[in-house]
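First up is the structure itself, then whatever we jot down about it.
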Amino acid sequence: MGQFLKKTAAFWATIAPGIFLIGYNIGTGSITTMASAGAAYNMTMTWALLLSCIFTYVLIIAFSRYTMVTGQTALWGFRNNFGRPVTIFIMLSLLFGEVVSCMGVMGVVTQVLQEWSRPLTADGEGFSMFWMALFFCALLYYIFWQGKQSFFEKILSIFVFIMGAAFLLTMFMVIPHPVDIIEGLVPRIPDDSNAFMIVAGMVGTTMGGILYVVRSILVSEKGWKIEDMKLQKRDARVSVSLMFFLSFAVMACAAGTMFPLGLKVDNAIDMVKLMEPLAGRLAVSAFVAGIVAAGLSSLFPIIILAPWLFSDYMGIKRDLTRPWVRIIVLVCTLCGLVVPVFGGSPVGVMIFSQTLAIIATPLVVALMMILLNKRSEMGEYKATLRDNVMYWIVLIFSVVIAVVGIMGIFNM
């Protein structure tokens, strides 16, 4: 038994960067977007999720290989090869999307918890959104204050485990018809003005440019070299596979309960209010647990993103105990109070932020393609013809989805 636990712990340590990406990637942005897609269009958007996960795997490998060969993170490579203005534009674009996402994430988590807790309070009002948000902000800042990467990874692993178990349990309670799932693999966009925004949001939350920049940082933190490519690919496969199945589970939950009755996810509380009479209190409680775990697992990477990117841009060690870092993280954390305090639609905020995420992706992908084809940077590990064919397919896909996202924004 002791040997088994040691082997399990060793394996878990080798996929820590992948677990970090899952925690970051599958947040309430992904949940609200996938739930909106499932409720409105059944499983017809499965193709977009599958393609974006396949392309995410390709890009994770590409960005990781650059860092493993050169020892540089993506952002530092962009600055050295393309100059400061381009790098600053990318950095600010990514950060803006993440700040908006932070506001929406906390709004979704607290609103869903408030709706779920209504039967537990005497006045039927549920738990206060403000006090819940303040508690979660304090918890996240306390975790950050520890300043240790290994501690972060352990906390995120717990959140990811809870999230995965909760969503998969809920899915098996309300799984849609297999025929609907198979038909969802045929690429098509429903004839609806809102569909453009949802497709872009789905792809944005799965293969947004920030994901690959973060991956590059994690590989650097791990100290992986090109000799570790086999280990890195296994980590990427685990990460992307779980991203697909968890996102698919959320879409299936909404498709199996809300779509047959023509119900839409227009607000965060709809995911709780509408599911309960259809799936029962147990299924709803499991889904809520998944939402809270997903929210916290994505909020933590979001609040430390700014100091990570600034450190990368300046070429300094990523030390989370520096005073200026702690101030920036505090400000980012407090952004989580915006929706609980001032109101607004968390689902709308989340889908908008995920759409913003995909718009910056084509530029990030294009710049990395150039770096991977520079012999002065990559040497014998320069991109092959097969690599470049795949990169061009991914780039064209990201451009198309970015255009779709812009169309969706203007149709709001």
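Summary table
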read-out: Check on D319, open to solvent by 20 Å² or more (accessible area, probe 1.4 Å) and either modelled with pLDDT under 80 or not hydrophobic (A, V, I, L, M, F, W, C) (or both); value: yes
read-out: Filter pass, I217 being farther than 14 Å from L59 by Cβ, under 18 Å from the mean Cα position of the chain (by Cα) and open to solvent by less than 40 Å² (accessible area, probe 1.4 Å); value: yes
read-out: Meets criteria (among the acidic types (D, E) and surrounded by fewer than 22 Cβ atoms within 10 Å (Cβ to Cβ)) for E98; value: no
read-out: First in the range 385-403 and touching a residue at least 12 places away in the same chain (Cβ under 8 Å) and more than 15 Å from L49 (Cα to Cα), second anywhere and outside any helix (DSSP H, G or I) and open to solvent by less than 20 Å² (accessible area, probe 1.4 Å), Cβ under 8 Å, 6 or more apart; value: Y391/A383
read-out: Output for the range 335-353, where each listed residue is open to solvent by less than 20 Å² (accessible area, probe 1.4 Å), modelled with pLDDT under 75 and either not aliphatic (A, V, I, L, M) or not in a helix (DSSP H, G or I) (or both); value: P346, S353
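Matching residues to (1) open to solvent by 10 Å² or more (accessible area, probe 1.4 Å); (2) in contact with a Pro (Cβ under 8 Å, 6 or more places away or on another chain); (3) within 20 Å of F167 (Cα to Cα):
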| position | (1), (2), (3) |
| --- | --- |
| D192 | yes, no, no |
| F196 | yes, no, no |
| Y212 | no, no, no |
| W224 | yes, no, no |
| S239 | no, yes, yes |
| M243 | no, no, yes |
| M251 | no, no, yes |
| L261 | yes, no, no |
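The values are calculated or read from the model by the stated rules, or taken from the named source; none is laboratory data. Because the structure is predicted, anything quoted here is derived from the model rather than measured. Cβ: placed from backbone, ideal geometry, glycine included. Neighbour counts: every protein chain shown. Side chains are part of the model used for accessible areas, which takes the heavy atoms of the whole protein and leaves out ligands, DNA and RNA. Shrake-Rupley method; radii C 1.70, N 1.55, O 1.52, S 1.80 Å.
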